[in-house]
1. Of all the residues that make up the range 44-55, how many are in a helix (DSSP H, G or I) and surrounded by fewer than 16 Cβ atoms within 10 Å (Cβ to Cβ)?
2. Filter the range 61-79 down to the residues that are outside any strand (DSSP E or B), in contact with a helix residue (DSSP H, G or I) (Cβ under 7 Å, 6 or more places away or on another chain) and within 20 Å of I22 (Cβ to Cβ) and list them by number.
3. Got a number for residues in the range 61-78 being open to solvent by 70 Å² or more (accessible area, probe 1.4 Å) and under 14 Å from the mean Cα position of the chain (by Cα)?
4. Test each condition in (1) surrounded by fewer than 19 Cβ atoms within 10 Å (Cβ to Cβ); (2) at negative phi; (3) in contact (Cβ under 8 Å) with a residue 12 or more places away in the chain for W58 and report the one that comes out false.
5. Which pairs do you get when a residue that is under 14 Å from H53 (Cα atoms) and without any contact (Cβ under 8 Å) to a residue 60 or more places away in the chain, found in the range 13-26, comes within reach of a residue that is β-branched (V, I, T) and assigned to a helix (DSSP H, G or I), reach meaning Cβ atoms under 7 angstrom, with the pair 6+ apart or on two chains?
6. Counting just the residues of the range 21-43 that are more than 14 Å from the chain's Cα centre (by Cα) and more than 13 Å from I89 (Cβ to Cβ), which one comes out most open to solvent (accessible area, probe 1.4 Å)?
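The values are calculated or read from the model by the stated rules, or taken from the named source; none is laboratory data. Bear in mind the structure is a predicted one, so any value in this text is a computation, not a measurement. Cβ atoms come from the backbone with ideal geometry, glycine included; neighbour counts cover every protein chain shown. Surface accessibility is based on the protein's heavy atoms, side chains included, excluding ligands, DNA and RNA. Shrake-Rupley method; radii C 1.70, N 1.55, O 1.52, S 1.80 Å.
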Amino acid sequence: MAEDLRLKPKAGDKSWFLMELIRLSTTLKEKVLVFEQYIEALTCIKEQLESKHYWKEWKEIIYMDGKSNSRKRQTGINIFNNPKSDARIMLASTKACGKGNLHQGLFCRIGQKKVV
C-alpha cells in the first residue's frame, strides 16, 4: 500500500501542494528549492518528479544529501544557478546544507534580478 502511494502526490496534502507549486513555477520558468530533513521524503519527491514529469537527476533535478561530497554539491549549485541549464528544482537535505558549501554558493545573489 505504501509503495502505491509513493508516486501519487494527491495522496497527501503536502505532496500535492509541492507538486502544484512546482507545476506553477515550471509554467513561469522559475526554479524551485526544496529543503527537507528526511532523505526518504526527498527521495519520494524525486521519484514523483521523475514519474510525473519524466525529469532526470542532474538534468532537471539537482539532488544532494549529507552523503554528497563538496565537489558534487558545488557542481549541483553551479548547474542550478546556470540560467542556461535545464535544472528546474534542487532537492537538498538540511544535512547537506549545514556543511557550509551549499548556502555560500546557492544563496549568492550577485547579479540577481528577481526579488526572492
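1. The initial filter retains those residues of the range 44-55 that are in a helix (DSSP H, G or I), namely 44-53.
Going one step further and asking which of them are surrounded by fewer than 16 Cβ atoms within 10 Å (Cβ to Cβ), we end up with 47, 50-52.
Result for the range 44-55: 4.
2. D65, I77
3. Going through the range 61-78 one residue at a time, the tally reaches 1.
4. (2)
5. These pairs meet every condition: L18/I45.
6. Step one: filter the range 21-43 for residues more than 14 Å from the chain's Cα centre (by Cα), giving 24, 27-29.
This time we only want the ones that are more than 13 Å from I89 (Cβ to Cβ), so: 27-28.
Details: T27: 98, L28: 124 Å².
This residue is L28.
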